[in-house]
């Protein structure tokens, strides 16, 4: 058990959650500035996710864990893209079906995976699979609006574009999705 030394302020869960949100916002702004500056590559390791025939990059720094598809329990009043909740390592997680969010609406299979994102509450993106990891993907050079793959156009999750193996893929920022659930308990 962690004890606080005498005289030091005790951190509360609310304080730590607020700090996490501040850091997530700072990460989003910094990543946006990196995209704006351009350059050769986007630093860091990224997961290549596949869902409903679409491919995207998700910063590994935003990911807590990847698990196999599990049964979820309905979340009353939730949007159609919310599959429900489940418990992972003793903590409740809100499962969001990325294919439904993107308008494809394909049903996940038993081989589907859930990418659990850091946040409060934790949110899990249901995807067909995590295909591989990519380190420092090459930034896309050109008009981002024109270069965005058609299936991703208009998605608030698209933060920028990178190229991997000749394929232009969006780099996903889960902040808009996480904001949807802030203050809601799974």
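Residues that are in contact (Cβ under 8 Å) with a residue 12 or more places away in the chain, surrounded by fewer than 17 Cβ atoms within 10 Å (Cβ to Cβ), assigned to a loop (DSSP other than H, G, I, E, B) and touching a helix residue (DSSP H, G or I) at 6+ places or on another chain (Cβ under 7 Å): does segment 118-125 have at least one? Within segment 118-125, one or more residues are in contact (Cβ under 8 Å) with a residue 12 or more places away in the chain, surrounded by fewer than 17 Cβ atoms within 10 Å (Cβ to Cβ), assigned to a loop (DSSP other than H, G, I, E, B) and touching a helix residue (DSSP H, G or I) at 6+ places or on another chain (Cβ under 7 Å). Of all residues in segment 159-179, those satisfying the criterion of being under 13 Å from the mean Cα position of the chain (by Cα), surrounded by 19 or more Cβ atoms within 10 Å (Cβ to Cβ) and within 24 Å of residue 67 (Cα to Cα) are 170, 171, 172, 173, 174, 175, 177, 178.
Residues of segment 99-116 that are touching a residue at least 40 places away in the same chain (Cβ under 8 Å) and closer than 19 Å to residue 86 by Cβ: 99, 101, 109, 110, 111, 112, 113, 114, 115, 116.
Give the residues of segment 133-148 that are on the phi > 0 side of the Ramachandran plot and in a strand (DSSP E or B), sorted by residue number. Within segment 133-148, no residue meets the criteria.
Checking the stated criteria, residue 73 turns out to be in contact with a strand residue (DSSP E or B) (Cβ under 6 Å, 6 or more places away or on another chain), farther than 28 Å from residue 168 by Cβ and in contact (Cβ under 8 Å) with a residue 12 or more places away in the chain. Residues in segment 54-70 that are free of Cβ contacts under 8 Å to residues at least 60 places away in the same chain, under 19 Å from residue 109 (Cβ atoms) and surrounded by 14 or more Cβ atoms within 10 Å (Cβ to Cβ): 67, 69, 70. Taking the conditions exactly as written (touching a helix residue (DSSP H, G or I) at 6+ places or on another chain (Cβ under 7 Å) and either touching a residue at least 24 places away in the same chain (Cβ under 8 Å) or closer than 11 Å to residue 69 by Cα (or both)), does residue 134 satisfy them or not? Criteria not met by residue 134. For segment 137-147, the condition of being out of contact with any helix residue (DSSP H, G or I) (no Cβ under 7 Å at 6 or more places or on another chain) and surrounded by 20 or more Cβ atoms within 10 Å (Cβ to Cβ) holds for at least one residue. Mind listing whichever residues of segment 149-186 are more than 24 Å from residue 124 (Cα to Cα) and either in a loop (DSSP other than H, G, I, E, B) or touching a strand residue (DSSP E or B) at 6+ places or on another chain (Cβ under 6 Å) (or both)? Passing the criteria: 163, 164, 165, 166, 168.
Values quoted throughout were computed directly from the atomic coordinates according to the rules given, and no laboratory measurement underlies them. Computed from a predicted model, the values in this text were never measured in an experiment. Positions of Cβ are backbone-derived with ideal geometry, glycine not excepted, and every protein chain shown enters the neighbour counts.
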